[in-house]
Amino acid sequence: MSALVDTSAWSLALRRTRKVEHPAGTALATLIEKGDALMLGLVRQELLSGMPDARSFDVLREYLRAFPDVMVQADDHEEAALFYNRCRSRGIQGSAVDFLICAVAARRDLPILTVDRDFPRYSRLLPIRLYPLSAT
(Lines give C-alpha, C1' and ligand atoms only; values in the text may rest on other atoms or scores of the structure.)
Protein backbone atom coordinates (compact mmCIF):
# COMPACT_ATOMS: atom_id res chain seq x y z
CA MET A 1 0.00 0.00 0.00
CA SER A 2 1.46 3.38 -1.02
CA ALA A 3 1.32 6.27 1.43
CA LEU A 4 1.85 10.00 1.27
CA VAL A 5 4.60 10.76 3.77
CA ASP A 6 4.33 13.96 5.79
CA THR A 7 7.34 16.10 6.66
CA SER A 8 7.19 14.99 10.29
CA ALA A 9 7.74 11.32 9.41
CA TRP A 10 10.56 12.08 6.95
CA SER A 11 12.15 14.37 9.52
CA LEU A 12 11.94 11.74 12.24
CA ALA A 13 13.79 9.27 10.04
CA LEU A 14 16.21 11.54 8.18
CA ARG A 15 17.05 14.66 10.13
CA ARG A 16 17.55 13.46 13.69
CA THR A 17 21.15 13.35 14.90
CA ARG A 18 20.38 10.33 17.06
CA LYS A 19 18.48 7.40 15.62
CA VAL A 20 15.19 7.21 17.46
CA GLU A 21 13.26 3.97 17.33
CA HIS A 22 9.74 4.94 16.43
CA PRO A 23 6.95 3.05 14.66
CA ALA A 24 6.77 5.79 12.01
CA GLY A 25 10.46 5.35 11.23
CA THR A 26 9.93 1.62 10.81
CA ALA A 27 6.86 2.25 8.67
CA LEU A 28 8.77 4.68 6.45
CA ALA A 29 11.62 2.20 6.03
CA THR A 30 9.11 -0.46 4.95
CA LEU A 31 7.42 1.93 2.51
CA ILE A 32 10.80 2.87 1.03
CA GLU A 33 11.83 -0.79 0.64
CA LYS A 34 8.58 -1.53 -1.20
CA GLY A 35 8.78 1.62 -3.36
CA ASP A 36 5.56 2.90 -1.79
CA ALA A 37 6.75 6.13 -0.09
CA LEU A 38 5.22 9.13 -1.87
CA MET A 39 6.23 12.76 -1.51
CA LEU A 40 4.88 16.20 -2.29
CA GLY A 41 7.20 18.88 -3.61
CA LEU A 42 6.31 21.11 -0.65
CA VAL A 43 7.42 18.38 1.75
CA ARG A 44 10.71 18.09 -0.15
CA GLN A 45 11.10 21.86 0.17
CA GLU A 46 10.37 21.80 3.91
CA LEU A 47 12.95 19.06 4.49
CA LEU A 48 15.65 20.78 2.47
CA SER A 49 14.92 24.17 4.03
CA GLY A 50 16.06 22.88 7.41
CA MET A 51 19.56 21.86 6.36
CA PRO A 52 22.30 23.60 8.36
CA ASP A 53 24.97 23.69 5.64
CA ALA A 54 25.53 23.18 1.92
CA ARG A 55 27.01 19.69 2.28
CA SER A 56 24.06 18.42 4.33
CA PHE A 57 21.69 20.04 1.83
CA ASP A 58 23.40 18.31 -1.11
CA VAL A 59 23.43 14.89 0.59
CA LEU A 60 19.74 15.10 1.49
CA ARG A 61 18.78 16.49 -1.93
CA GLU A 62 20.48 13.54 -3.65
CA TYR A 63 18.78 11.06 -1.34
CA LEU A 64 15.33 12.60 -1.82
CA ARG A 65 15.68 12.59 -5.60
CA ALA A 66 14.92 8.87 -5.46
CA PHE A 67 11.34 9.80 -4.56
CA PRO A 68 9.37 11.43 -7.39
CA ASP A 69 6.86 14.09 -6.45
CA VAL A 70 3.14 13.38 -6.58
CA MET A 71 1.98 15.96 -9.09
CA VAL A 72 -0.37 18.51 -7.56
CA GLN A 73 -3.25 19.90 -9.61
CA ALA A 74 -5.37 23.03 -9.26
CA ASP A 75 -8.20 20.85 -7.90
CA ASP A 76 -5.90 19.74 -5.07
CA HIS A 77 -5.28 23.36 -4.04
CA GLU A 78 -8.99 24.12 -4.19
CA GLU A 79 -9.79 21.07 -2.08
CA ALA A 80 -7.08 22.10 0.40
CA ALA A 81 -8.75 25.50 0.75
CA LEU A 82 -12.11 23.81 1.35
CA PHE A 83 -10.51 21.57 3.98
CA TYR A 84 -8.91 24.60 5.65
CA ASN A 85 -12.27 26.39 5.76
CA ARG A 86 -14.08 23.31 7.10
CA CYS A 87 -11.55 22.81 9.89
CA ARG A 88 -11.27 26.49 10.76
CA SER A 89 -15.06 26.78 11.06
CA ARG A 90 -14.87 24.03 13.70
CA GLY A 91 -11.94 25.62 15.59
CA ILE A 92 -9.17 23.45 14.15
CA GLN A 93 -6.18 25.37 12.81
CA GLY A 94 -3.61 24.02 10.38
CA SER A 95 -1.04 25.03 7.80
CA ALA A 96 -1.51 25.35 4.07
CA VAL A 97 0.98 22.50 3.61
CA ASP A 98 -0.97 20.22 5.97
CA PHE A 99 -4.23 20.84 4.16
CA LEU A 100 -2.60 20.29 0.77
CA ILE A 101 -1.28 16.94 2.02
CA CYS A 102 -4.81 16.10 3.20
CA ALA A 103 -6.35 17.11 -0.13
CA VAL A 104 -3.86 15.17 -2.24
CA ALA A 105 -4.27 12.10 -0.03
CA ALA A 106 -8.07 12.30 -0.04
CA ARG A 107 -8.34 12.84 -3.79
CA ARG A 108 -6.02 9.89 -4.51
CA ASP A 109 -7.29 7.64 -1.71
CA LEU A 110 -3.86 7.45 -0.06
CA PRO A 111 -3.17 7.10 3.64
CA ILE A 112 -0.89 9.69 5.27
CA LEU A 113 2.17 8.60 7.24
CA THR A 114 2.72 11.23 9.91
CA VAL A 115 3.71 11.79 13.52
CA ASP A 116 2.19 15.27 13.52
CA ARG A 117 -0.53 15.39 16.18
CA ASP A 118 -2.67 17.70 14.05
CA PHE A 119 -3.54 15.04 11.47
CA PRO A 120 -5.68 12.90 13.80
CA ARG A 121 -7.66 16.07 14.56
CA TYR A 122 -8.08 16.79 10.84
CA SER A 123 -9.23 13.21 10.29
CA ARG A 124 -12.27 13.82 12.48
CA LEU A 125 -13.55 16.34 9.92
CA LEU A 126 -11.87 15.39 6.66
CA PRO A 127 -12.05 12.28 4.46
CA ILE A 128 -8.45 11.27 5.14
CA ARG A 129 -6.87 8.06 6.41
CA LEU A 130 -3.77 7.84 8.54
CA TYR A 131 -1.22 5.16 7.76
CA PRO A 132 -1.55 2.45 10.43
CA LEU A 133 1.73 2.35 12.34
CA SER A 134 1.00 -1.12 13.64
CA ALA A 135 0.88 -2.45 10.05
CA THR A 136 4.66 -2.54 9.71
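Please indicate, with yes or no, whether at least one residue in segment 90-97 is assigned to a loop (DSSP other than H, G, I, E, B), buried (at least 16 other Cβ atoms within 10 Å of the Cβ) and in contact with a strand residue (DSSP E or B) (Cβ under 9 Å, 6 or more places away or on another chain). Within segment 90-97, none of the residues are assigned to a loop (DSSP other than H, G, I, E, B), buried (at least 16 other Cβ atoms within 10 Å of the Cβ) and in contact with a strand residue (DSSP E or B) (Cβ under 9 Å, 6 or more places away or on another chain). Taken over segment 111-125, residues that are of a type outside the set (D, E, K, R) and either surrounded by fewer than 21 Cβ atoms within 10 Å (Cβ to Cβ) or at pLDDT below 95 (or both) amount to 5. Tell me whether segment 79-87 contains one or more residues that are surrounded by 14 or more Cβ atoms within 10 Å (Cβ to Cβ) and outside any helix (DSSP H, G or I). No, segment 79-87 contains no residue that is surrounded by 14 or more Cβ atoms within 10 Å (Cβ to Cβ) and outside any helix (DSSP H, G or I). For the residues ALA103, ALA74, the requirement of being out of contact with any strand residue (DSSP E or B) (no Cβ under 9 Å at 6 or more places or on another chain) and farther than 19 Å from THR114 by Cα singles out ALA74. Exactly one residue out of ALA105, ALA74 is loosely packed, with under 13 Cβ neighbours inside 10 Å and of a type in the set (A, V, I, L, M): that is ALA74. Among the residues of segment 48-84, those that are touching a helix residue (DSSP H, G or I) at 6+ places or on another chain (Cβ under 7 Å) and more than 27 Å from ARG124 (Cβ to Cβ) comprise LEU48, MET51, PHE57, LEU60, ARG61, LEU64, ASP69. Taken over segment 37-56, the criterion of being loosely packed, with under 15 Cβ neighbours inside 10 Å and either assigned to a helix (DSSP H, G or I) or in contact (Cβ under 8 Å) with a residue 12 or more places away in the chain (or both) is satisfied by GLY41, GLN45, LEU48, SER49, GLY50, ALA54, ARG55, SER56. Summed over segment 98-130, the residues that are closer than 25 Å to ALA29 by Cα and part of a loop (DSSP other than H, G, I, E, B) give a count of 7.
Applying the set (1) out of contact with any Asp or Glu (no Cβ under 9 Å at 6 or more places or on another chain); (2) surrounded by fewer than 20 Cβ atoms within 10 Å (Cβ to Cβ); (3) not in a helix (DSSP H, G or I) to LEU4 leaves exactly one unmet item: (2).
The values are calculated or read from the model by the stated rules, or taken from the named source; none is laboratory data. Owing to the predicted nature of the structure, the values given are computational and were not obtained by experimental measurement. Here the Cβ is made from the backbone with ideal geometry for all residues, glycine too, and neighbour counts use every protein chain on show.
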